[in-house]
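Q: Just dropping this structure here.
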Amino acid sequence: GIVRKVNYYLEEEGVPRSPYQSEGALKLFKGTITSDGSPDEEMMASIAAGSHPNMMEVLATVEGGPSPALLFPLIPPHLVSLGQPPSFATVTRDVFPEDTSLSFTLVA
């Protein structure tokens, strides 16, 4: 998929739209298969995960566009990516820089 920084308004039926917009991350799913299965399976897993302090919660699903999409909050600046982007050789596993060392307390 493709992830883009976007400005958005969340609307609820019967609730007037807020004049305030927020920034978020829109993940667009292209094609019929992702590294985690089909786009529908990846979207269902993300939604089913719900709220957890170590995960970005799905804010909304986006329908009616050129491809299915999920809206997430932006990752706070105090957090860093641990893994490296996948390649064709590593698509089935997470890859980390060779000098990465994590303590048990950090990952537990």
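Q: Using a basic spin-label model with each label point 7 Å from the Cα along Cα→Cβ, how many nm lie between LEU59 and ILE2?
A: 2.0
Q: Based on the Cβ-Cβ distance of THR34 and LEU10, what FRET efficiency does E = 1/(1 + (r/R0)^6) give at R0 = 25 Å, to the nearest 0.05?
A: 0.50
Q: Let me ask something else. Excluding the sites themselves, what is the longest stretch of the chain that contains no GluC sites (Glu not before Pro) in a DSSP loop with at most 13 other C-beta atoms within 10 Å?
A: 14-56
Q: Shifting gears a bit: Taking the dipole about the Cα centre of the chain, with the C-beta of Lys and Arg at +1 and of Asp and Glu at -1, give me whichever of GLY50, PRO86, PRO16 is farthest to the positive side.
A: Towards the positive end, the residue furthest out is PRO86.
Q: Could I ask something else about it? Treating the angle as unsigned and between 0 and 90°, give the value, to the nearest 10°, between the Cα long axis of helix 39-49 and the longest Cα principal axis of the chain.
A: Taking Cα atoms only, the helix is inclined about 90 degrees.
Q: Still on this structure: Tell me, which longest segment in the chain has none of the chymotrypsin sites (Phe, Trp or Tyr not before Pro) that fall in DSSP loops with at most 11 further Cβ atoms within 10 Å?
A: Within the chain, the longest run free of exposed chymotrypsin sites (Phe, Trp or Tyr not before Pro) spans 21-87.
Q: When only Cα pairs under 8 Å and 6 or more residues apart are kept, what is the percent relative contact order across the chain?
A: 20
Q: Further question: Based on Cβ point charges of +1 for Lys and Arg and -1 for Asp and Glu, what charge dipole magnitude is obtained for the stretch 2-108 about its Cα centre, in debye rounded to the nearest 20?
A: Computed charge dipole of the stretch 2-108: roughly 260 debye.
Q: On the principal axes of its Cα set, how long, how wide and how thick is the chain? Give whole Å, largest value first.
A: Answer, in whole Å and largest first: 51, 33, 23 Å.
A short reminder: the numbers here are calculations on the coordinates, not readings from a lab. If you're wondering where the values come from, they're calculated on a predicted model, not measured in any experiment. Positions of Cβ are generated from backbone atoms using ideal geometry, with glycine treated the same way; all protein chains shown enter the neighbour counts.
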